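The values are calculated or read from the model by the stated rules, or taken from the named source; none is laboratory data. Note that this is a predicted model, so its numbers are computed, not measured. Note that we place each Cβ from the backbone using ideal geometry, even for glycine, and neighbour counts take in every protein chain shown.
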2 protein chains.
Amino acid sequence: MIGVVAGVGPYAGLDLLGKILSQTVADKDQEHLTVASLSQPEAISDRTAFLLGEATLNPAFAIVEQLLKLEQMGASVVGIPCNTAHAPTIFDHIMQGLANAGSELNLLHMIAEVGRELQRIVPTINRVGVLSTIGTAVTRIYPLTLEPLGFEVLAVEDKLQSEVIHPAIYDPTYGIKACGTATRQARENLLLGVQQLQIAGAQAIILGCTEIPLAIPETHIDGMVVIDPALILARALISAVDPDRLVDRPF
Amino acid sequence: MIGVVAGVGPYAGLDLLGKILSQTVADKDQEHLTVASLSQPEAISDRTAFLLGEATLNPAFAIVEQLLKLEQMGASVVGIPCNTAHAPTIFDHIMQGLANAGSELNLLHMIAEVGRELQRIVPTINRVGVLSTIGTAVTRIYPLTLEPLGFEVLAVEDKLQSEVIHPAIYDPTYGIKACGTATRQARENLLLGVQQLQIAGAQAIILGCTEIPLAIPETHIDGMVVIDPALILARALISAVDPDRLVDRPF
């Protein structure tokens, strides 16, 4: 049984549940996989605030509690659709908490799965560009996971990050979070980031924030593979419980 | 905690989870309500086949097991986003199974909630038209629940049901299930049904199949209120745990 920590944040949880359905081969209801999800966002403190030192409570504790509830429910393979929860200072504590509780859960690491998928589908490349919020960029979540796998990880320059990319997600008038959908302005901003990453040498683009794929649904731009980590996590969860049910997907 | 039996069918479960989010007042992740969901469709046999006498195993047994798992997880108020699961021969068995197990779950009845919402928002009307699949129509799920509440329930004529409305959902070339989206043909077919129901005297329209709201997103057509039962169920679940969090919604 697949388990999903669906409250970090709630819309990212919904998005992952939808991708698990869309990536499963099923001709009727009964052929879909068993999935338990728990969305309990109130208990999980803000990840970015903790990573930036603005809050002291590690959200790992609440995430461990929720993972253990999913295990009680019968889940064996679990995922967390949240980039910042995969920062080592959070994720390592989650793994430790599970070990201390005697859990046998197989908790997938979304960002390591992205690295492995890149190695599978485009084995010749080693320079990847990441578009993300400031929090994910500053805390170096992608480099910390992907550099040990042999990747060089590129980010946009600080000025573009703060004035163009971050607002595409957070701006109160045109940002994806405020609008609940991808505005043309948000897409144009993010495509500027893609362009700068390509000029800097990126051979693939990772959409390192759950909102960005709403504005950039393409799987390729200018010959570069474009990766949605939630989609990769959905596929890794399916593969872990029943690889024969995985939808073929040409990149 | 809200609980959702999300596997009947899996896309209807996803739809209900999305509507619980969209109908909750929340300025940040932490303000969303706690929701546990279990999608275990393999265990739940086809509802329509059972209702039409083509299968003998009552899907109620599996649904009760899943409800009890949600209760163990901490759920107190639960819903099942499936019209056919609310047929008395299934729903009454579910209630009996919960009572036998000593459950304290508050299981909402989606179709009774639709009746109560109609009485709240348009108290002067008593003739409602229902658009649905053949299975829901033949098993009289809506009349059996709504007539005791004082409503006269209208359905389209058999010929229109089988040749126009049912294909809008099931046709392999233009049906919503096959296409995964609402085609223009599907919408045109369903609007013919709305028109016939209005001529027959309907004062409100119930979209009695989880696929239909994809093709008819309107809340009003020609002065009639249009009701999406999954939306009503989402709002009833929120009201049951925290009414202050319910988004205002003008009908």
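Screening B:214, B:149 for residues that are under 20 Å from residue B:8 (Cβ atoms) and without any contact (Cβ under 8 Å) to a residue 60 or more places away in the chain leaves exactly one candidate, B:214. Once segment A:33-43 is narrowed to residues that are at the interface with chain B (Cβ under 7 Å from one of its Cβ atoms) and not charged (D, E, K, R), the residue that is farthest from the chain's Cα centre (by Cα) is A:34.
This table checks each residue for (1) surrounded by fewer than 21 Cβ atoms within 10 Å (Cβ to Cβ); (2) touching a residue at least 24 places away in the same chain (Cβ under 8 Å).
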position: A:191; (1), (2): yes, yes
position: A:203; (1), (2): yes, yes
position: A:209; (1), (2): no, yes
position: A:222; (1), (2): yes, yes
position: A:225; (1), (2): yes, yes
position: A:239; (1), (2): yes, no
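Among the residues of segment A:1-19, those identified as within 24 Å of residue B:24 (Cα to Cα) and among the hydrophobic types (A, V, I, L, M, F, W, C) are A:4, A:5, A:6, A:8, A:12, A:14, A:16, A:17. Mind listing whichever residues of segment B:22-78 are charged (D, E, K, R) and out of contact with any His (no Cβ under 8 Å at 6 or more places or on another chain)? Scanning segment B:22-78 gives B:27, B:28, B:29, B:31, B:46, B:47, B:54, B:65, B:69, B:71.
For residue B:118, the conditions (1) within 22 Å of residue B:219 (Cα to Cα); (2) under 12 Å from the mean Cα position of the chain (by Cα); (3) of a type outside the set (Asp, Glu) all hold with the exception of (2).
Answer yes if at least one residue in segment B:118-126 is surrounded by fewer than 19 Cβ atoms within 10 Å (Cβ to Cβ), in contact with a Phe, Trp or Tyr (Cβ under 8 Å, 6 or more places away or on another chain) and of a type in the set (Lys, Arg), and no otherwise. No, that holds for no residue.
Among residues of segment B:115-143 that are at positive phi, those with a Cβ under 9 angstrom from a residue that is of a type in the set (Gly, Ala, Ser), sequence gap 6+ or separate chain, pair up as B:140/B:87; B:140/B:155. Residues of segment B:156-182 that are free of Cβ contacts under 8 Å to residues at least 24 places away in the same chain and more than 21 Å from residue B:143 (Cβ to Cβ): B:163, B:167, B:171, B:172, B:173, B:174, B:175, B:178, B:179, B:180. Just name the residue that is farthest from residue A:208 (Cα to Cα) out of those in segment A:139-156 that are touching a helix residue (DSSP H, G or I) at 6+ places or on another chain (Cβ under 8 Å) and not in a loop (DSSP other than H, G, I, E, B). In this case the residue turns out to be A:149.
I want to confirm something. Restricting to segment B:1-56 and keeping residues that are of a type in the set (S, T, N, Q) and closer than 15 Å to residue A:40 by Cα, which single residue is modelled with the lowest pLDDT? Here the answer is B:30. Test residue A:70 against the criterion of being in contact (Cβ under 8 Å) with a residue 12 or more places away in the chain, of a type in the set (A, V, I, L, M) and surrounded by 23 or more Cβ atoms within 10 Å (Cβ to Cβ), and give yes or no. For residue A:70, the condition - in contact (Cβ under 8 Å) with a residue 12 or more places away in the chain, of a type in the set (A, V, I, L, M) and surrounded by 23 or more Cβ atoms within 10 Å (Cβ to Cβ) - is met. Of all residues in segment B:158-189, those satisfying the criterion of being part of a loop (DSSP other than H, G, I, E, B) and loosely packed, with under 14 Cβ neighbours inside 10 Å are B:172, B:173, B:180, B:181. Of the numbered criteria (1) over 28 Å from residue B:177 (Cα atoms); (2) surrounded by 15 or more Cβ atoms within 10 Å (Cβ to Cβ), the one residue B:145 fails is (1). Determine if segment B:93-102 includes at least one residue that is more than 25 Å from residue B:49 (Cβ to Cβ) and among the β-branched types (Val, Ile, Thr). Taking every residue of segment B:93-102 in turn, none turns out to be more than 25 Å from residue B:49 (Cβ to Cβ) and among the β-branched types (Val, Ile, Thr).
Pick from segment A:79-96 the residues that are crowded, with 19+ Cβ neighbours inside 10 Å and away from chain B (no Cβ under 14 Å): which of them is nearest to residue A:249 (Cα to Cα)? Only one residue fits best here, namely A:79.
Looking across segment B:51-67 at every residue that is away from chain A (no Cβ under 13 Å) and over 21 Å from residue A:74 (Cβ atoms), the one that is surrounded by the most Cβ atoms within 10 Å (Cβ to Cβ) is identified as B:51. Among the residues making up segment B:18-32, those that are more than 8 Å from every other protein chain (Cβ to nearest Cβ) and under 24 Å from residue B:105 (Cβ atoms) are B:19, B:20, B:23, B:24.
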